[in-house]
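No value in this document is a laboratory result; all are computed from the given coordinates. In this text, all values refer to a predicted model and were calculated from it rather than measured experimentally. When we count neighbours, we look across all protein chains shown, and the Cβ atoms used for this are built from the backbone with ideal geometry, even at glycine.
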Amino acid sequence: MNNLPVYALPGLLDDERLWQHQASFFAARRSWVTANLTGHDSIAALASAALAKAPAERFALVGLSMGGYVALEIMRQAPERVLGLALLDTNARADSAAATALRTLAITQASTDFAGVVTSLTPRLLHPDHLANKAIVEVIETMAHTLGPEVFKRQQTAIMGRIDSRPFLPAIRCPSLVLCGREDLLTPVELHEEMAAGIPGAKLVVVEHCGHMSALEQAQQVNTALQNWLSALPG
């Protein structure tokens with residue numbers, strides 16, 4: 001097996017705890033590093049900052065949700081550094097008008113009732129059966145409150161301003177995995193089918209009984225898919 005480091009990009013209001021099961025699973029096999037995506041309000045700036053802190057030389061790149069948007073931007077800024085790409089529960093399209101309107105309202109609410117914003121987000125992130133899983137819910141809510149409302153505002157602004165990445169998908173030449181939860185409400189299966197069709201040779205994996213937070217909800221299935229993808233990469 002190759003020993004490429006993995007550079008993992010978290011989603012909105014997520015940090016390294018999003019990837020806790022993956023970091024633990026791969027600990028004996030390879031370096032797993034989580035990027036900090038909190039300091040800027042554009043996807044391009046987040047990608048540039050992430051690249052500045054990325055593992056030396058080349059790496060395997062994994063992004064979930066907003067992390068996927070940043071991963072696609074990294075593929076534009078420095079494709080030569082990425083030997084494999086995994087896009088989890090994300091979307092290559094620009095933000096829709098309806099989504100932008102909801103994000104704008106959430107940014108306003110976050111100034112006075114950030115706890116309410118977090119509470120309203122959680123049911124949209126998880127498979128209904130996982131809302132009763134206190135461990136998963138606690139991780140999501142703890143990450144959100146650790147990062148706080150100002151990070152939320154910057155990240156939502158970045159997400160709203162992202163470009164349509166679909167025209168760039170055919171230029172991706174590294175081995176690519178596209179994975180999502182079957183019941184992902186925020187980025188449904190058809191959006192992942194679209195990405196997989198656009199990236200030459202990409203493999204699509206749909207995880208059953210799973211919402212948007214696949215890395216936490218179905219860690220074992222995600223770990224297996226990532227292991228299969230990573231083992232096929234050049235070292």
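Near the amide H of TRP32, within less than 5 Å, lie the amide hydrogens of VAL6, all on another chain or at least 5 residues away, with H placed in the peptide plane.
Residues in the stretch 98-110 carry Karplus couplings, in order, of 5, 5, 4, 4, 5, 5, 4, 5, 5, 4, 4, 5, 4 Hz; the curve used is 6.51 cos²θ - 1.76 cosθ + 1.60 with θ = phi - 60°, and Gly or Pro positions show x.
What is the distance in Å between the Cα centres of the stretch 46-82 and the stretch 13-39? Using only Cα atoms, the two centres lie 14 Å from each other.
One Cα centroid belongs to the stretch 167-235, the other to the stretch 122-151; the line between them spans 22 Å.
Judged by the ratio a/c of the largest to the smallest principal axis of the C-alpha gyration tensor, the stretch 158-224 counts as oblate, that ratio being 1.5 or greater while a/b is no larger than b/c.
ARG166: net charge of surrounding residues, Cβ under 10 Å, Lys/Arg +1, Asp/Glu -1, itself excluded? That works out to -1. Between the helical axis of 114-125 and the longest alpha-carbon principal axis of the chain there is an angle of about 50 degrees.
Between THR119 and VAL33, the simple spin-label model (points 7 angstrom out along Cα→Cβ) gives 4.0 nm. If R₀ is 25 angstrom, what is the calculated FRET efficiency for the pair THR224 and GLU190, using the beta carbon separation as r and rounding to 0.05? For R0 = 25 Å, the calculated efficiency reads 0.60. Angle of helix 219-231 to the longest C-alpha principal axis of the chain, folded into 0 to 90 degrees and rounded to 10: 30°. Looking at the stretch 158-203, the trypsin sites (Lys or Arg not before Pro) that sit in a DSSP loop and have at most 14 other Cβ atoms within 10 Å of their own Cβ are ARG173. Note on ASN133 and ARG76: the model spin-label points, each 7 Å out from Cα along the C-beta direction, lie 3.4 nm apart. Which of the three applies to the stretch 1-145, rounded, prolate or oblate, going by the alpha-carbon gyration tensor with a ≥ b ≥ c and a/c under 1.5 meaning rounded? Judged from the Cα gyration tensor, the stretch 1-145 comes out oblate (a/c at least 1.5, b/c at or above a/b). Annotation: amide H-H contacts under 5 Å for ALA86 (H modelled 1.01 Å from N, sequence separation of 5 or more, or interchain): LEU61, VAL62, GLY63, LEU177. For the chain, the residue among PHE152, ALA101, VAL6 whose Cα projects farthest onto the positive side of the dipole built from Cβ charges is VAL6. Under 5 Å from the amide H of CYS210 lie the amide H atoms of ARG182, GLU183, each residue being 5 or more positions distant or on a separate chain, with H modelled from the backbone and absent for Pro and chain starts. Helix 43-52 and the longest principal axis of the Cα set of the chain meet at an angle near 50°.
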